[in-house]
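Asks: Dumping the structure here so I can ask a few things about it.
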Amino acid sequence: AVLVVVAECIADLALHALPGEASVHVLPGCDGLLYATITSHVGRRAQRTRVLAIDPAHPGEATVDLEINGEGFYFAQPLPGGEILLGGRSRNGARRDGDDSDVFVVDRTGKRLREFKLGPCVSQIITTPAGLVWAGYSDEGIFSDDPYAANGILCCDSATGQPVYPPTARPRPAQRNHDGRDDGEHDIGGASDSHSSNRERREDPWPPQLGSISDCYALSADGNSGVCAYFYTEFPIVRIGRSGVREYWMSPVKGSVALAIGADHALLYGSYEDRSTSTLLHLPRDSHNAALVRSIRIVDGVGNDLGGYRGAAHTVHGREGDLLITRGARVYRVRVADIVDMVRVADIAAGIQAANIESSTKTMVQ
């Protein structure tokens with residue numbers, strides 16, 4: 001049976017004078033805040049990006065409120081020391097000669113502190129309290145000639161911009177600081193073979209059951225410095241840290257677009273088979289096979305369906321045990337732990353009902 005779960009509305013960006021013609025993208029931060037980028041466009045040209053950090057406990061107030069003119073940024077994430085990572089940009093006009101940076105670190109006044117490159121086609125981005133930046137890439141980046149994107153999943157040190165996972169990731173030239181310094185020279189090495197398997201290139205232990213990463217569908221934070229990944233083609237659920245794979249489970253659900261992970265359960269949003277239905281899985285400690293627990297239908301407070309993929313106005317991201325759904329200007333949250341509790345209560349109620357029916361049947365027979 002499908003379990004209906006009512007998502008909690010934790011923020012309404014309309015309270016912050018959301019422009020009528022703008023694209024909105026909201027990511028959960030490692031500091032508990034919501035980081036929203038609101039980009040206004042004229043045609044295809046980005047005119048202005050507004051960056052907001054909102055505490056769900058006080059959604060009417062913005063802890064951070066920055067405006068950046070002339071560029072569009074798709075994501076914002078917090079870093080230690082009050083810094084903010086911005087990326088996924090589009091810029092008006094010509095780029096500076098030799099400028100291949102695509103992520104920027106700013107302070108809370110918007111002043112640029114440094115910049116570095118993660119590579120093309122970043123589809124997932126997460127920062128950690130330890131100051132690490134995890135990126136997941138779409139197939140266009142993975143099968144390009146970019147030495148970072150070809151890894152499928154990459155972790156960089158936000159202080160230097162240099163990779164810390166996987167070991168085969170080749171470093172790039174020094175990042176640029178905006179005080180005129182650089183952080184030393186690094187050998188890029190040769191470009192990676194764009195059509196070779198990133199599984200074959202790895203030096204860290206990589207279970208063969210996981211296959212290669214051809215498209216990172218979902219990335220969720222896992223603890224202080226790691227992530228949990230879900231990727232095409234095998235669609236496993238994999239806990240990854242700086243030293244490599246920690247745990248993994250083969251999932252019976254294919255094609256989900258977001259992942260939230262609890263202690264021993266995972267919630268997958270949508271699937272190839274049914275885009276409007278999410279799935280709760282059990283992650284056993286004694287097996288590498290995730291077990292189907294319950295199909296989930298997520299709705300808002302008045303019963304409107306929050307499932308399915310609905311373009312730019314509808315984005316979904318997981319962070320640890322929370323799944324955040326942005327629909328228009330509103331941000332909704334469901335929690336894996338709450339859903340697990342609901343399933344247990346429903347199972348107990350179903351067991352009691354079944355026992356009562358059995359008892360009544362016996363009485364009627366007698």
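The values are calculated or read from the model by the stated rules, or taken from the named source; none is laboratory data. All figures in this text were calculated on a predicted structure; none of them were measured in a lab. Heads up, the Cβs are rebuilt from the backbone with ideal geometry, glycines too, and the neighbour counts pull from every protein chain shown. Surface accessibility is based on the protein's heavy atoms, side chains included, excluding ligands, DNA and RNA. Shrake-Rupley method; radii C 1.70, N 1.55, O 1.52, S 1.80 Å.
Asks: Between beta-carbons, use under 10 Å as the cut-off and find the net charge around residue 82, counting Lys and Arg +1, Asp and Glu -1.
Replies: Around residue 82, the charge tally is -2.
Asks: How far is it, in nm, from the label point at residue 274 to the one at residue 63 when both lie 7 Å from their Cα along the line to the Cβ?
Replies: Result: 3.7 nm between the two label points.
Asks: Heavy atoms only, 1.4 Å probe, whole protein assembly: order 344, 114 by accessible area, highest first.
Replies: Result, largest first: 344, 114.
Asks: Shifting gears a bit: Need one number: nm distance between label points at residue 233 and residue 3, each 7 Å from Cα along Cα→Cβ, rounded to one decimal.
Replies: Distance between the two pseudo-spin positions: 3.4 nm.
Asks: First select every other residue whose beta carbon is under 13 angstrom from the beta carbon of residue 284; then total the charges, Lys and Arg +1, Asp and Glu -1.
Replies: -2
Asks: Follow-up question, since we're still on this one. Ordered by packing density, taken as the mean number of other Cβ atoms within 10 Å over each peptide's residues, highest first, how do 122-129, 80-87 rank?
Replies: The densest-packed peptide leads the list: 122-129, 80-87.
Asks: Applying 1/(1 + (r/R0)^6) with R0 = 22 Å to the Cβ-Cβ distance of residue 157 and residue 197, what FRET efficiency is obtained, to the nearest 0.05?
Replies: Computed FRET efficiency for residue 157 and residue 197: 0.25.
Asks: Add +1 for every Lys or Arg and -1 for every Asp or Glu among the other residues with Cβ under 15 Å from the Cβ of residue 348, and state the total.
Replies: Surrounding charge for residue 348 is 0.
Asks: Ranked from highest to lowest mean number of other Cβ atoms within 10 Å per residue, what is the order of the peptides 216-222, 2-8, 139-145?
Replies: In decreasing order of mean packing, 216-222, 2-8, 139-145 become 216-222, 139-145, 2-8.
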